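Since the structure comes first, as structure tokens, the remarks are kept for the end.
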């Protein structure tokens, strides 16, 4: 419509007020189903709901930051492990996503026969619902009945008890996660690469640059905004990616692969008759704080704010 | 050297495709297989025709309780309703953000972007507590409400971006032709947004359709309301499922079919929509 | 059906003023062209009339009705956009019928009206197609049809021919004029193309930086421009301007610029002055004629119908430099409209100026209407 940027506030209100009407439903939804639950969770984390004995289900008390204090100072607490694991899970996954994605995109970015076929086939993991495929991956990683060990034994490698040791458990999780996400990253990077003008590479060739040099000096700089963007999105997404850990390792062995969100779910819904809502809430709050902190740091440091707001 | 590079390229790509397709192949083959899966030596990659059967599918469709039909119906109710509501919300939000320059627009966008960063799973606990308090656990409405909120911001931004690319003068032409802004929205702008609305509907549908975590918490007591995701998890974790993984994979195939079909039909839009956002970033 | 009146319409943005105190009365049935360069405010004025923009100050009347508070849909105007703005998802038939459909006009009547206007504009075969399948010229006619079928109070056209190929543009122009004379309705047409403006307009409004410089018939604007800007903007090839001085010659004044000397009537006193003369009033001859100045051809521009010859005048001999050449003399350059193949670069020609047609301007560009020139001494 007309450019109203330079009009007075009153004028813009008079003309554009229907926008507010259109936004009422969404605002209500976001406040009631996003903002309020978060506030409520924070509140619960400051009580003894579920952790103060049987009475605390009906009449819980406000106890301030006690949960947090015990969560970080007690020897038996797992909070530090949760932090460590969450970062390993998110950081390791994103690193792999970027490497595999960039690698495959580079390979695909040539003139090859069957490029579309390759691309379509590679997109298939991403097309299938994650919940289903992760469930199947769980089965595949099983020690005795899993097909991965079955294949290994058929080529003469001893079967690995994947989910029994932390290192192999992480390996299984990372492989699964890469399988889930690499198509997305490949396609995104490929699309960005294809937008790079071919003349830049040609000029570099004439100047004597080799493939590696071209990649480092032309491709990467062009991709930098995309890498940062999808990298950040990927990190935040993985940080709270529930199903792989929930379905495959359940946080185990022990809590070596447990992250905030799975632990929170467990405390709230998997402790049978006596759920620990307050600690579950605490883990949620910690999770949330980390997510927010990371987001703001990255946005602030890399000036991600796009001005697509006219 | 060139040939080596070409060969290496295809080798890598083929390897990537094998990696991508193997689990899917596994699912498909197992769902049609008669072999008991519980023993390692029974792992055969290319089964002989005599080892193929539809028994698993038959069992899933007819011999389950709650029945597959019931699970499917519930999943469609939940996901479909959530998609319809989410679509409406996304359309209104996108329109307001794209075609109006109201005071506070910038603040509002920051507000919803920040809110969209809240991890969805974190909401499960407060939702449960909130909805339990007002007695909406184990009801249809109780679960549809949180489901509807899932993709609102993302879909809203998608619609906004798409509408940004519709020239302003089409809306102006509609105004000159005698429509008010609201009518112009419904009769001119929305029909022009059908591709992105289709995508938004898909995104709003797929989340609830494949959700286990929230459904598990909300639909505890009443099996008649259980969704496909709950059914699949159950069967994967019972003995029968683990003895005969064919059942589980057959279930998985049936459950995935609508999604994969939809995706294949619209993959150009989906990839296009995603890469557009990413490239601009 | 009705005229349009603008009263002191101003449109201000934070950083600039797009429309600056424009007042004008457009008569019923007139074809008015608003002419201006990009950024002159011409489109803004049109949009203000349409109601798509709201003016900061001033009033807009359609007929006798004050429409300031009216939404576009209530003003009963039709607009043809530069990009045509056809609904991509509707057929041509539906595009044209759209405005009627939303007014709940009966279906048979819609059908009749649409087919009638389509026939009139020669687009009947396209009715079942989509806009994307049509050529630019066809789309432009659909946009026009969409406007005509509404039978509005007036038509607003925002550079509707600018996106057409040059060849089609001339035909479209003629067609538009014909339609106007058939419909006998008010047309307000915006363009930056002065040739287009001159051929189409009953009256022409020249705009610069939001100000209305002159609102008159094309002939008057050519012969009697209100300012140097108007004089330079209208008329092709562009007017020749010579900056010189008013000098006393005995009891009279004369315009002097290098060798050019024109007796002046109506000036106040010495000072700087600019003379403007149209290239077709610059006469070239091979032999010296009464008062002709010697010059050398420095360029020949072949444009077909409006070839231009560029001439540098030889400096006049003076006391300081008997040979005529000197470090202080700036070269006076002119353009003349003549047949290109008669002249070559380097030729010597004699230049005469049709002094009756010379126009004078002050250093700020204002038109000095009382000042005229004549070869006959006062």
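The values are calculated or read from the model by the stated rules, or taken from the named source; none is laboratory data. Source: prediction; values computed, not measured. Glycine also receives a Cβ, built like all others from the backbone with ideal geometry; neighbour counts cover every protein chain displayed.
Just a few scattered comments:
- Options A:43, A:68, A:62: the member that is in contact with a strand residue (DSSP E or B) (Cβ under 9 Å, 6 or more places away or on another chain), under 18 Å from residue A:265 (Cα atoms) and modelled with pLDDT of 85 or more: A:43
- Scanning segment A:251-269 for residues that are surrounded by fewer than 22 Cβ atoms within 10 Å (Cβ to Cβ) and modelled with pLDDT of 90 or more, we see that the one that is nearest to residue A:56 (Cα to Cα) is A:269.
- Among the residues of segment A:6-40, those that are within 21 Å of residue B:112 (Cβ to Cβ) and at pLDDT below 85 comprise A:12, A:13.
- Qualifying residue in segment B:88-102 (condition: under 23 Å from residue B:225 (Cβ atoms), more than 7 Å from chain A (Cβ to nearest Cβ) and under 20 Å from the mean Cα position of the chain (by Cα)): no
- Number of positions in segment B:218-250 that are at the interface with chain A (Cβ under 9 Å from one of its Cβ atoms) and under 27 Å from residue B:127 (Cβ atoms): 4
- Within segment C:106-119, the set of residues being crowded, with 18+ Cβ neighbours inside 10 Å and either more than 24 Å from residue C:75 (Cα to Cα) or in contact with a strand residue (DSSP E or B) (Cβ under 8 Å, 6 or more places away or on another chain) (or both) comprises just one member, C:118.
- Residue satisfying all of: in segment C:241-273; crowded, with 21+ Cβ neighbours inside 10 Å and either under 30 Å from residue C:342 (Cβ atoms) or in the same structural domain as residue C:197 (by TED's automatic domain parsing) (or both); modelled with the highest pLDDT among these: C:242
- Considering the conditions (1) in contact (Cβ under 8 Å) with a residue 40 or more places away in the chain; (2) buried (at least 23 other Cβ atoms within 10 Å of the Cβ); (3) closer than 30 Å to residue C:307 by Cβ, residue C:221 is excluded by exactly one of them, (1).
- Lone qualifier among A:99, A:24, A:78, A:38 - being more than 8 Å from every other protein chain (Cβ to nearest Cβ) and touching a residue at least 40 places away in the same chain (Cβ under 8 Å): A:78
- Counting the residues of segment A:115-137 that are at the interface with chain B (Cβ under 8 Å from one of its Cβ atoms) and not in a loop (DSSP other than H, G, I, E, B) gives 15.
- Within segment C:90-105, the set of residues being at the interface with chain B (Cβ under 9 Å from one of its Cβ atoms) and either free of Cβ contacts under 8 Å to residues at least 40 places away in the same chain or in contact with a strand residue (DSSP E or B) (Cβ under 7 Å, 6 or more places away or on another chain) (or both) comprises C:102, C:103.
- Selection count where residues are surrounded by fewer than 18 Cβ atoms within 10 Å (Cβ to Cβ) and more than 7 Å from chain B (Cβ to nearest Cβ), scope segment A:102-114: 5
- Odd one out for residue A:269, checked against (1) more than 10 Å from chain B (Cβ to nearest Cβ); (2) without any contact (Cβ under 8 Å) to a residue 60 or more places away in the chain: (1)
- Within segment C:6-107, strands (runs of 3 or more DSSP E) holding 2 or more residues that are closer than 17 Å to residue C:207 by Cα: C:17-26, C:31-36
- Residue match in segment C:321-337 (condition: within 25 Å of the chain's Cα centre (by Cα), at pLDDT below 90 and over 17 Å from residue C:275 (Cα atoms)): yes
- Residue B:201 being at the interface with chain A (Cβ under 9 Å from one of its Cβ atoms), on the phi < 0 side of the Ramachandran plot, surrounded by 19 or more Cβ atoms within 10 Å (Cβ to Cβ) and modelled with pLDDT under 90: no
- Take the conditions (1) within 14 Å of chain B (Cβ to nearest Cβ); (2) under 15 Å from the mean Cα position of the chain (by Cα); residue A:157 misses just one of them, which is (2).
- Residue check, residue A:264 farther than 13 Å from residue A:85 by Cα, touching a helix residue (DSSP H, G or I) at 6+ places or on another chain (Cβ under 7 Å) and at the interface with chain B (Cβ under 10 Å from one of its Cβ atoms): yes
- The set of residues in segment B:138-181 that are in contact (Cβ under 8 Å) with a residue 12 or more places away in the chain, within 14 Å of chain C (Cβ to nearest Cβ), assigned to a loop (DSSP other than H, G, I, E, B) and crowded, with 22+ Cβ neighbours inside 10 Å is empty.
- Take the conditions (1) touching a helix residue (DSSP H, G or I) at 6+ places or on another chain (Cβ under 8 Å); (2) modelled with pLDDT of 90 or more; (3) closer than 28 Å to residue C:4 by Cα; residue C:128 misses just one of them, which is (3).
- Applying a threshold of 8 Å to beta carbon distances and a minimum spacing of six or more residues, or different chains, the list of pairs starting in segment A:294-306 at a residue that is exposed (fewer than 12 other Cβ atoms within 10 Å of the Cβ) and ending at one that is at pLDDT below 80 and not in a helix (DSSP H, G or I) reads A:306/B:281.
- Test: residue C:53 is on the phi < 0 side of the Ramachandran plot, within 14 Å of chain A (Cβ to nearest Cβ) and surrounded by fewer than 23 Cβ atoms within 10 Å (Cβ to Cβ): yes
- For residue A:243, the stated conditions do not hold, so it cannot be described as free of Cβ contacts under 8 Å to residues at least 60 places away in the same chain, assigned to a helix (DSSP H, G or I) and buried (at least 17 other Cβ atoms within 10 Å of the Cβ).
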